[in-house]
1. Using protein chains only and a probe of 1.4 angstrom, how many square angstrom of S177 are accessible, to the nearest 10?
2. To the nearest 10 Å², what's I19's accessible area with a 1.4 Å probe?
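The values are calculated or read from the model by the stated rules, or taken from the named source; none is laboratory data. Just so it is clear, the model here is predicted, and its values are computed rather than measured. Please note that ligands, DNA and RNA were not included when accessible areas were found on the heavy atoms of the full protein model with its side chains. Shrake-Rupley method; radii C 1.70, N 1.55, O 1.52, S 1.80 Å.
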Amino acid sequence: MINTLLAEAATTEKHNPIIPIWQEILVGGLAFVLLCWVLMKFVFPQMEKTFAARVDAIEGGIKRAEAAQAEANQLLEQYRTQLAEARTEAARIRDEARADAEGIRQDVLAKAREESDRIIAAGREQLNAQRESIVRDLRSEVGELAVELASRIVGESLADEARNRGTVERFIAELDSAGSTGGR
């Protein structure tokens with residue numbers, strides 16, 4: 001059969017290579033129409049679905065990215081607000097601590113002054129008590145010395161107790177009055 005076709009093709013007239021054979025045009029046209037129909041019926045709708053899914057994914061991704069960016073900006077603002085509040089709170093706490101420290105310092109200074117004044121007053125009282133004790137001791141010694149000296153000067157014994165006391169007391173009173181007018 002192939003041999004016959006080849007023989008028949010060789011015997012038929014020579015075909016012009018520029019003009020196509022009508023059977024080839026018909027078969028080619030039918031194949032093209034069939035190919036277009038298959039592409040339009042099955043392939044193009046799938047491609048459209050894929051492109052639509054991609055567009056949705058891209059647009060959804062953009063919307064999600066915009067939403068995420070908005071959320072991030074909101075969180076950033078909240079963070080900045082919280083940071084500002086924390087700084088304000090820290091400054092307030094620091095100021096309170098300084099005020100408390102100053103109050104404690106003033107309390108300690110006041111207590112120290114009170115203690116110092118108490119110690120000074122106690123020291124003065126002790127000095128006054130010692131001074132009075134010394135003055136009493138000196139008065140009695142001065143009185144005794146004065147009586148002894150007067151006894152020697154007068155030549156009589158002033159050993160009598162009543163006289164001795166009276167004389168000593170007068171002498172001390174004279175010393176006190178002389179000391180308060182001239183010495184002070």
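1. 60 Å²
2. 100 Å²
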